[in-house]
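Remarks on the structure that follows.
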Amino acid sequence: MIVIRATLPSKNLPVRRVLAKLFQSYVYKHLPAKEHQGYKHPSGKVFKSMNFKILYKDYNLIIKYVSHNKNYERRIAEAVLIDGLKLGEIHIASTELSLHNREIELGKKIKVQGYVAAAIKDGHSNKKIYLEPKTHKYQEIIHKHTEQKYQALFGKPYEGDLKIKLLYQSRKPKRFFYNKGAIVVWHGVYEIEAEEKMLKLILDTGLGAHAMQGVGFVEVV
């Protein structure tokens, strides 16, 4: 995992709505076109092999980026070190970069926390309705989504056990902005039981929808 710490010259600039889109563009600029296109599941659904999280407060911008392909983490790290972090017209006063090894004794069970999104389409307006983690439909979607991502990235179905248990859900959701839309997500803590290869995939690519839009990043607690 790469952690980028940047300092902006002014406090709380009105850029929160565009940060995810700008960082996504920065990443794709330095990687093969295949990563922008994604990995297609037989159902037609497309999945991404990486994930990121953005924290912005006062003058400080923190970006955590992780990829299933560790060579891509090195590419982004080199790009930041050589050319600096470039996010559109946003001026970055200073940048620090660190690499974190997420190799841990996974076993077959981990506890993670993060903002994990799942939605259904409104039958009348075709708008997305974001679901709370405590609902049965949410859990059904996340489980299916995770198994499909495994098949899309590895080229074969996942045949092991997969249990995703909600331990905690925040009372109120948080809005994550991407382009002109908002993704509504509740913070949750989850206990996940699966084969080690699946657990590593989850840590490297996130859980749920919008992985390359700043949502779904999970960390072991």
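Can you compute the helix-only [θ] at 222 nm over the chain? Use -39500 (n - 2.57) per DSSP H run of at least 4 residues, normalise by all residues, nearest 500 deg cm²/dmol. Don't skip to the answer; put the middle values down first.
On the way: 5 runs with 59 residues, N = 221.
The helix contribution divided over the chain gives -8000 deg cm²/dmol.
One quarter of the convex hull surface built on the alpha carbon atoms of the chain amounts to 12.6 nm², the projected area averaged over directions.
Each peptide in 120-127, 37-44 was scored by the mean count of other Cβ atoms within 10 Å over its residues; highest first, the order is 37-44, 120-127. Taken about its Cα centre, the chain carries a charge dipole of roughly 760 debye when the Cβ of each Lys and Arg holds +1 and the Cβ of each Asp and Glu holds -1. Taking the centroid of alpha carbons for each part, region 175-216 and region 45-102 are 17 Å apart. Between VAL66, VAL116, VAL80, the Gaussian network model of the chain with springs among Cα atoms under 10 angstrom shows the greatest mean-square fluctuation at VAL80. When a/c reaches 1.5 or more, the comparison of a/b and b/c decides; with that in mind, is region 2-99 rounded, prolate or oblate per its Cα gyration tensor? Here region 2-99 falls in the prolate category. Can you tell which of SER125, LEU85, HIS36 lies farthest toward the positive end of the dipole of region 1-135, using +1 and -1 charges on the Cβ of basic and acidic side chains (Lys, Arg; Asp, Glu)? About the Cα centre, the residue reaching furthest to the positive side is SER125. Restricting the GluC sites (Glu not before Pro) of region 142-193 to loop positions (DSSP other than H, G, I, E, B) with no more than 11 neighbouring Cβ atoms within 10 Å leaves GLU159. Kindly provide the GluC sites (Glu not before Pro) of region 82-123 that DSSP labels as loop, not H, G, I, E or B, and whose Cβ sees at most 15 other Cβ atoms within 10 Å. Taking region 82-123 and a limit of 15 other Cβ atoms within 10 Å, the loop GluC sites (Glu not before Pro) found are GLU89, GLU103, GLU105. Taking a 27 Å limit on the Cα-Cα distance, which of the listed pairs LYS34/LYS144; LYS40/LYS172; LYS34/LYS200; LYS127/LYS163 fall beyond it? With Cα atoms farther than 27 Å apart: LYS40/LYS172; LYS127/LYS163.
Pairs exceeding a 18 Å alpha-carbon distance, out of LYS53/LYS137; LYS134/LYS165; LYS128/LYS180; LYS128/LYS174; LYS48/LYS180: LYS53/LYS137; LYS48/LYS180. In a simple Cβ point-charge model (Lys, Arg +1; Asp, Glu -1; nothing else charged), region 6-92 has a dipole of about 360 debye relative to its Cα centre. Hydrodynamic radius of region 109-220 by the Kirkwood approach over all distinct alpha-carbon pairs: 14.4 Å. The residue list VAL15, GLN139, ASN69 was ranked by how far each Cα lies along the charge dipole of the chain toward its positive end, using unit charges on Cβ atoms, and VAL15 comes out on top.
Each value in this text was obtained by applying a stated rule to the coordinates, not by laboratory testing. Nothing here was measured: the structure is a model prediction, and the numbers come from that model. Cβ sites come from the backbone with ideal geometry, for glycine too, and all protein chains shown count toward neighbours.
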